[in-house]
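To keep things clear, I will list the structure first and then write my remarks on it.
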Amino acid sequence: MLYSETIGTGPNLVMLHGWGFSSALFSRVIDKYKNQYQITLIDLPGHGRSDNVDGGIDEWCNEIINILPENPILLGWSLGGLIAINIASKSKISNLILVASTPNFIKSFNWEYGIDINNFKNFSESIQADISKGLKRFISLQTTQKSRLRELSNLIDEYPASPSSLEQGLEILYSTDVSNELKDLSIPIQAILGKNDVLVPKKLSYWYECQGIPVTIINTGHLPFLHSDFKLSL
């Protein structure tokens, strides 16, 4: 069973977090928008308070779809954005918001907006060798602010992801390309990127804009929703 929690009043807004974290990461966004939206938080399979789900992205998405409210706005951060695109291609949603996310996380000969494949494999191997050390390295990629680093580390300690779900998540990030699915969507879509993001480069904005997707770039790293300039405008 997946953990979910609904807070606030207004149009349905579902928020999906990224790899290694839990929906507790969105606490500041909830405080800011709970009087404007009815916010549903979902912990990804095996993350936080959710049970493991066997399989890959399709199985994860099917479990999430089973607990979605009717015709929601769907916001996904990082891995959550990749999953949100997949869900939007299968289920009825009203709007899609991609925060520091991309339809394809891995760089290839025909996709220049991703992570170097060798760097990704090295990171995956470090997680398998030492989960705690690997997670600390991952946290260090999110921000350079010491207070924020402590906050993120505490959240991972309080709501840890299972080792198997971390491996599944990395496999999803490595093997998933939903760029065609994103192009085929006929709903309103917007992207919010971090100017200094080392995981999802700001040059991805060019590709989004070529697809007619409006982009907001915030002067921050991989956590735009924690920046004071972050705004939901629908």
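Rule-based calculations on the coordinates, nothing more; no lab input. Model, not experiment: these values are computed from the prediction. Reconstructed Cβ throughout: ideal geometry from the backbone, glycine too, with neighbour counts over all protein chains shown.
Grab the other residues whose beta carbon is less than 15 angstrom from that of ASP229, score K and R as +1, D and E as -1, and report the net.
It works out to a net charge of +4.
For the pair THR216 and ARG150, how long in nm is the line joining their label points, each one 7 Å along Cα→Cβ?
Calculated label separation equals 2.9 nm.
Would you order PHE230, PHE21 from fewest to most other beta-carbon atoms within 10 Å of each residue's own beta-carbon?
PHE230, PHE21
What residue among LEU13, ILE192, SER124 has its Cα farthest toward the positive end of the dipole of the stretch 4-226, where the charges are +1 on Lys, Arg and -1 on Asp, Glu, each on the Cβ?
ILE192
Quick check on my link table: of LYS32/LYS146; LYS146/LYS195; LYS107/LYS183; LYS92/LYS195, which ones sit more than 29 Å apart, alpha carbon to alpha carbon?
LYS92/LYS195
5 Å is the cut-off here: which amide hydrogens, built 1.01 Å from N in the peptide plane, fall below it relative to LYS107, excluding neighbours closer than 5 in sequence?
Amide H to amide H, under 5 Å and 5 or more residues apart or across chains, LYS107 pairs with GLY114, ILE115, ASP116, ILE117.
Grab the DSSP H runs of the chain that are 4 residues or longer, score each as -39,500 (n - 2.57), total them, divide by all residues and round the 222 nm result to the nearest 500 deg cm²/dmol.
Per the formula, -11000 deg cm²/dmol.
Amide H neighbours of ASN12 under 5 Å, at least 5 residues apart or on other chains, H built in the peptide plane: list them.
Hits under the 5 Å cutoff: GLN38, ILE73.
Can you figure out the FRET efficiency of VAL198 with LEU234, using R₀ = 22 Å and their beta-carbon distance, to the nearest 0.05?
0.15
Where the centroid of each part is defined by its Cα atoms, how far is the stretch 92-160 from the stretch 163-204 in Å?
Distance between centres, Cα-based: 11 Å.
In debye, nearest 20: dipole of the chain around its Cα centre with unit charges on the Cβ of K, R (+) and D, E (-)?
The dipole magnitude comes to about 900 debye.
Tell me, what ³J(HN,Hα) does each residue in the stretch 42-55 have, in order and in whole Hz, if you take phi through Karplus 6.51 cos²θ - 1.76 cosθ + 1.60 with θ = phi - 60° and put x for Gly and Pro?
10, 7, 4, x, x, 9, x, 9, 8, 6, 5, 10, 5, x
Report ³J(HN,Hα) in whole Hz for each residue of the stretch 72-83, in order, from the Karplus equation J = 6.51 cos²θ - 1.76 cosθ + 1.60 where θ = phi - 60°; Gly and Pro get x.
Karplus-based 3J(HN,Hα) across the stretch 72-83 equals x, 6, 10, 10, x, 9, 6, 4, x, x, 4, 5 Hz.
Pull up all non-local amide H partners of LEU193: gap of 5 or more, or a different chain, and H-to-H distance under 5 Å with H placed in the peptide plane.
Residues meeting the amide H criterion: ALA100, THR216, ILE217, ILE218.
Using a 10 Å cut-off around each Cβ, can you sort THR216, THR9 from fewest to most neighbouring Cβ atoms?
The fewest-first ordering by Cβ neighbours comes to THR9, THR216.
Calculate one ³J(HN,Hα) per residue across the stretch 87-96 by plugging θ = phi - 60° into the Karplus curve 6.51 cos²θ - 1.76 cosθ + 1.60, and present them in order as whole Hz with x for glycine and proline.
These are the phi-based 3J(HN,Hα) values: 5, 5, 7, 10, 10, 7, 10, 8, 8, 10 Hz.
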